[in-house]
């Protein structure tokens, strides 16, 4: 979970009150993620339409985030369990998609997303709350080229987007990379 202040929730002792990304910190996060999304799209150079590319990188919307979390194996006490494909019905397997983190807009009705932190906690997936004076869902929508998005799950694909999210989860200060640093990062890949 992002942040370390606050009280323990009544329903789930593992879910702590969250810090929120808002104001300038949120603006830097969104701008940095947008840059990394564009960079990653350019580097992959696949022929997929943009909509399908975004679906490969993100679980978009409350229903898809919930569905992806439910398909993930629950974490064990000692750590995360290995992702083995589960069998669903006859000859249908669920692919082992893993979410790295979930971004949730805090400007929607609470009942839409109140189940996500508990479900994410059971799967050891961190939650990042976005708060922006009734515009959090608009800010999340900007990331995936939609008008609004209440929840976005970042799929663990091992790309530049995941590296930025990992830095955010570690609590490192969000700073925009200069052109020289971006060029060094591109050369390293």
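The values are calculated or read from the model by the stated rules, or taken from the named source; none is laboratory data. Because the structure is predicted, anything quoted here is derived from the model rather than measured. Here the Cβ is made from the backbone with ideal geometry for all residues, glycine too, and neighbour counts use every protein chain on show.
Within the range 152-189, restricting attention to residues that are assigned to a loop (DSSP other than H, G, I, E, B) and exposed (fewer than 13 other Cβ atoms within 10 Å of the Cβ), the residue that is modelled with the highest pLDDT is 158. Need pairs with beta-carbon distance below 6 Å; first residue within 15 Å of residue 145 (Cβ to Cβ) and within the range 31-49, second in a loop (DSSP other than H, G, I, E, B); sequence gap 6+ or separate chains. Between residues of the range 31-49 that are within 15 Å of residue 145 (Cβ to Cβ) and residues that are in a loop (DSSP other than H, G, I, E, B), the close pairs are 40/159. Note on the range 138-151: among residues that are surrounded by 22 or more Cβ atoms within 10 Å (Cβ to Cβ) and more than 19 Å from residue 52 (Cβ to Cβ), the one that is nearest to the chain's Cα centre (by Cα) is 151. Output the residues belonging to the range 93-135 that are free of Cβ contacts under 8 Å to residues at least 40 places away in the same chain and not in a loop (DSSP other than H, G, I, E, B). Of everything in the range 93-135, those that are free of Cβ contacts under 8 Å to residues at least 40 places away in the same chain and not in a loop (DSSP other than H, G, I, E, B) turn out to be 93, 110, 111.
Note on the range 95-128: residues that are touching a strand residue (DSSP E or B) at 6+ places or on another chain (Cβ under 8 Å) and either closer than 16 Å to residue 64 by Cα or at pLDDT below 90 (or both) total 17.
Pairing each residue of the range 157-173 that is at positive phi and free of Cβ contacts under 8 Å to residues at least 12 places away in the same chain with any residue that is part of a helix (DSSP H, G or I) and exposed (fewer than 14 other Cβ atoms within 10 Å of the Cβ), provided the two are 6+ apart or on different chains, yields no C-beta distance under 9 Å.
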